[in-house]
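Below is one structure; the comments refer to it alone.
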Amino acid sequence: MILRGTATDDARYDHVAQASARTVIAGYSTSFGWAARLLAEPVRTHVRSIYALVRVADETVDDPDPQLSRAVRTQMLDDLAAETGRAVQRGRSTNLVVQAFAITARRHGIGADLIDPFFASMRADLTVAEHDQASLDEYVHGSAEVVGLMCLRVFVAGDETAYSRLRAPAQCLGSAFQKVNFLRDLAEDHDQLGRTYFPGLDPSDFSDAHRDQLLDDIDAELRRAATAIPHLPADSRRAVAAAHGLYSALSRRLRATPAAQIRRTRVRVPDREKARILAGVLLGRRP
């Protein structure tokens, strides 16, 4: 005999799904994890649910296991994309991370206009080794800008006027974050994954001039993004300010690091500096 589930059962399943997303995020030590602690609930849970799906997709294409061929990874990613689409439509998935994302997507109006470009960029990581400017712009839009827009959907909680006003700065923030990661992961992306994201850049000939040119673009996007922070709702403003501060610190450290060293090692912000940035945000100071 199969017993019909109750509303309480549904709530329990959703809670377990969201807890699984939280576990995924906790498994990765990132600047996002530090900043997310400053989000108020329920915004924090919804943003973690977005990033958990992003992390699972990213790990699917970047898993170093040599037994996972490109064809296998492609099929796994296609399965994840299809299950995500079904879950957003019907509100149910047997994949707990997808279920958590679907709860957020259905509640905050995150639709195919944001989800499809994300998975398209993940697929590009399986097929594109070098980018021109057009393909890079498309990739960054799908891999980072739309993720920022998903979070913005959560932040504004249905306020379409605010979403329209803050959309462009949110895209700039996502783009800047992604390009900082490209720069600090230059060696790993090229040597281990066989990818070069910046058009025309030969990592073996990477110079301080190249570094500064890329960082000038990143810093311009960070400045544009900063204009929106004071206009965000209070329950997300401090967290976004902290994330902005952490990536601004990364940008400064990258600019102070010789290009030859960036080519060999991954630049990081020490935990002590991260804690100082977070404390400053809590005290109302600009990071």
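Taken one residue at a time, the phi angles of the range 207-213 give Karplus couplings (6.51, -1.76, 1.60, θ = phi - 60°) of 10, 4, 5, 4, 4, 5, 5 Hz. Gly and Pro are set to x.
Given 10 °C and 1.306 mPa s, how large is the Stokes-Einstein diffusion coefficient of the range 121-172 in µm²/s, with Rh as the Kirkwood radius over Cα pairs? Mind dumping the intermediate values first?
Working: Rh = 12.0 Å.
Answer, rounded: 132 µm²/s.
Out of every Cα-Cα pair in the range 143-287, what percent are more than 17 Å apart? Every Cα pair in the range 143-287 considered, those over 17 Å come to 62 percent. Secondary-structure-derived ellipticity at 222 nm for the chain, considering helices only, amounts to -23000 deg cm²/dmol, per-run term -39500 (n - 2.57) for DSSP H runs with n ≥ 4. Multiplying each eigenvalue of the alpha-carbon gyration tensor of the range 60-168 by 5 and taking the square root yields semi-axes of 26, 20, 9 Å, largest first, rounded to whole angstroms. Computed from backbone phi with θ = phi - 60° and the Karplus coefficients 6.51, -1.76 and 1.60, the 3J(HN,Hα) list for the range 122-133 is 4, 5, 4, 5, 8, 10, 10, 8, 9, 10, 9, 5 Hz; x is used for glycine and proline. Charged side chains reduced to their Cβ positions (Lys and Arg at +1, Asp and Glu at -1) give the range 208-260 a dipole of some 220 debye around its Cα centre.
Give me the 1.4 Å probe accessible area per residue for the range 135-174, excluding ligands and nucleic acids, in Å².
Working: 1420 Å² over 40 residues.
Normalised by residue count, the accessible surface of the range 135-174 is 35 Å².
Taking a ≥ b ≥ c as the square roots of the eigenvalues of the Cα gyration tensor, the range 6-99 is classed as oblate, since a/c reaches at least 1.5 and a/b does not exceed b/c. Ligands, DNA and RNA left out, the 1.4 Å accessible surface of the chain is 51% carbon and sulfur atoms.
Explain nothing, just the number: dipole magnitude of the chain about its Cα centre with +1 on each Lys and Arg Cβ and -1 on each Asp and Glu Cβ, in debye rounded to the nearest 20.
Details: 38 positive and 37 negative charges, 288 e Å.
In total the dipole reaches around 1380 debye.
Couplings 3J(HN,Hα) for the range 188-199, derived from phi with the Karplus relation 6.51 cos²θ - 1.76 cosθ + 1.60 (θ = phi - 60°), are 4, 4, 6, 7, 9, 9, x, 10, 10, 7, 6, x Hz, where x marks Gly and Pro.
The values are calculated or read from the model by the stated rules, or taken from the named source; none is laboratory data. These figures come from a predicted structure and were not determined experimentally. All Cβ positions, even for glycine, are placed from backbone atoms using ideal geometry, and neighbour counts span all protein chains on display. Heads up: the accessible areas ignore ligands, DNA and RNA and are worked out on the full protein's heavy atoms, side chains in. Shrake-Rupley method; radii C 1.70, N 1.55, O 1.52, S 1.80 Å.
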